[in-house]
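Quick notes on the structure that follows.
What follows is calculated from the coordinates using simple rules that are stated; it is not laboratory data. Bear in mind that the values here come from a model prediction, so they are computed numbers and not experimental data. Here the Cβ positions follow ideal geometry from the backbone for every residue, glycine too, while neighbour counts run over all protein chains shown.
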Amino acid sequence: QVVRELSIDDASRATTERDDYVFELIARGALDFVDERAWESNAAYLKVVDRFNDVNVYAYVTSTRVKFVLCAEMRADEPMRAFFADVHEGYCVAMMNPMRDEDAPLDTSEVFQRAVRAAARKRLGVV
């Protein structure tokens, strides 16, 4: 189940609907590789788990097996690791909110959306 799909493209790059579908297919296709790598490693940050043309698929798996997947054209491991750590922190804050409806999907949480966008702006340089 996809918890959140959020486009954090650089504002200078024109994004089409086709791009969103392609990235979604790439991310969903990489989930098998994420599962495989998660069993092989104890690390939360799994680095690049798949590549499709010029798109790298990065993955992060929490101790509770929540998977964060990012499709990016850039290749930089340390900023990605820091980005995922910030997103994980934002996820924890959003999930621990006592006022959050347990049945509501996380994509309705503005706290989580803000955390992801702030992490992208801070760690990846995305506006």
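When the trypsin sites (Lys or Arg not before Pro) in the stretch 48-111 are filtered for DSSP coil states and for at most 10 other beta-carbon atoms within 10 Å of their beta-carbon, the remaining sites are ARG65. Computed from the C-beta positions of ASP77 and ALA104, the FRET efficiency with R₀ = 35 Å rounds to 0.55. 3J(HN,Hα) along the stretch 86-103: 5, 5, 4, 4, x, 5, 5, 4, 5, 6, 8, 5, x, 8, 6, 6, 4, 8 Hz, from the Karplus curve 6.51 cos²θ - 1.76 cosθ + 1.60 with θ = phi - 60°, whole Hz, x for Gly and Pro. Return, ordered by residue number, the residues of the stretch 70-87 whose backbone nitrogen is under 18 Å from a label point located 7 Å along Cα→Cβ of LEU31. Answer for the stretch 70-87: 70-72. Summarising the amide proton neighbourhood of ASP50: residues at separation of 5 or more, or on other chains, whose placed amide H is nearer than 5 Å comprise VAL57. For the stretch 109-117, the Karplus equation 6.51 cos²θ - 1.76 cosθ + 1.60, evaluated at θ = phi - 60°, returns couplings of 7, 5, 4, 5, 4, 5, 5, 5, 5 Hz by residue, with Gly and Pro reported as x. Cα-based values for the stretch 16-89, radius of gyration first and Dmax second, are 11.9, 37 Å.
Amide hydrogen proximity for SER109: with H placed 1.01 Å from N in the peptide plane, no residue at 5 or more positions away or on another chain lies under 5 Å. Here the spin labels are modelled as points 7 Å beyond Cα on the Cα-Cβ line, and at TRP39 and THR62 they lie 2.3 nm apart. The string of couplings for the stretch 39-49 from the Karplus curve (6.51, -1.76, 1.60, θ = phi - 60°) is 6, 7, 10, 8, 6, 6, 8, 9, 6, 7, 9 Hz, one whole number per residue in order, with x for Gly and Pro.
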